[in-house]
1. Mind listing P(r) for the stretch 28-74? All alpha-carbon pairs, 10 Å bins, whole percents.
2. Amide H to amide H under 5 Å from Met22: which residues, 5+ apart in sequence or cross-chain, H placed 1.01 Å off N in plane?
3. Tell me which GluC sites (Glu not before Pro) from the stretch 16-95 have a DSSP coil assignment and no more than 11 other beta carbons within 10 Å of their own.
4. Tell me, what ³J(HN,Hα) does each residue in the stretch 36-45 have, in order and in whole Hz, if you take phi through Karplus 6.51 cos²θ - 1.76 cosθ + 1.60 with θ = phi - 60° and put x for Gly and Pro?
Amino acid sequence: MAGRMSAASAPVTLTDRSEWQMSPLTDRDYDELTEWARAHVVDVARRSIELMPECSNHDAETIYRVALSKALETTWSSEEGKQLFMTPFGVCRLFWQSIKKRHPNAQESNLRPLFYVAGNITRVMDLFFDINNRAPADENPTGPVAAPAP
């Protein structure tokens with residue numbers, strides 16, 4: 001698939017033999033991924049507070065303040081974003097973002113278990129890098145979201 005320059009969708013078959021069409025992402029898709037990553041940062045803080053019954057109101061406010069500050073710094077291509085989008089949870093979101101145009105009934109929550117199965121993350125990320133003309137992290141020191149070489 002290397003060298004693909006088309007903006008067309010491309011097929012991917014996951015280990016459960018389901019077939020999907022992944023489409024290149026648009027600027028709007030990348031904006032949505034950034035908003036999702038920011039919401040994830042705040043959600044992790046909220047869930048953490050809920051798991052600490054001994055947490056005072058002052059401490060909870062401090063945790064939220066730090067989370068909101070960190071969320072504003074987080075983009076889909078920031079270091080935090082790159083780390084998130086390389087997890088099964090994040091790869092599932094990238095996958096759903098890439099298939100939702102051609103598979104409008106696909107639900108991200110139903111896809112999530114597929115990304116805890118060996119092989120699916122690699123298949124999806126290889127195709128993601130290919131159709132979006134981006135270099136994988138191990139080929140480009142700036143990470144998985146580097147702009148294509150001229």
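1. With 10 Å bins starting at 0, P(r) equals 29, 44, 20, 6, 0.
2. Excluding prolines and chain starts, which carry no amide H, the hits are Ala10, Val12.
3. Listed in order of number, the matching sites are Glu54.
4. In residue order, the calculated couplings are 5, 5, 5, 5, 5, 4, 5, 5, 4, 4 Hz.
Bear in mind that the values in this text are calculations on the coordinates, not laboratory data. The structure presented is a predicted model; accordingly, all values stated were derived computationally and were not measured. Quick reminder, even Gly has a Cβ in these numbers, built from the backbone with ideal geometry, and neighbours come from all protein chains shown.
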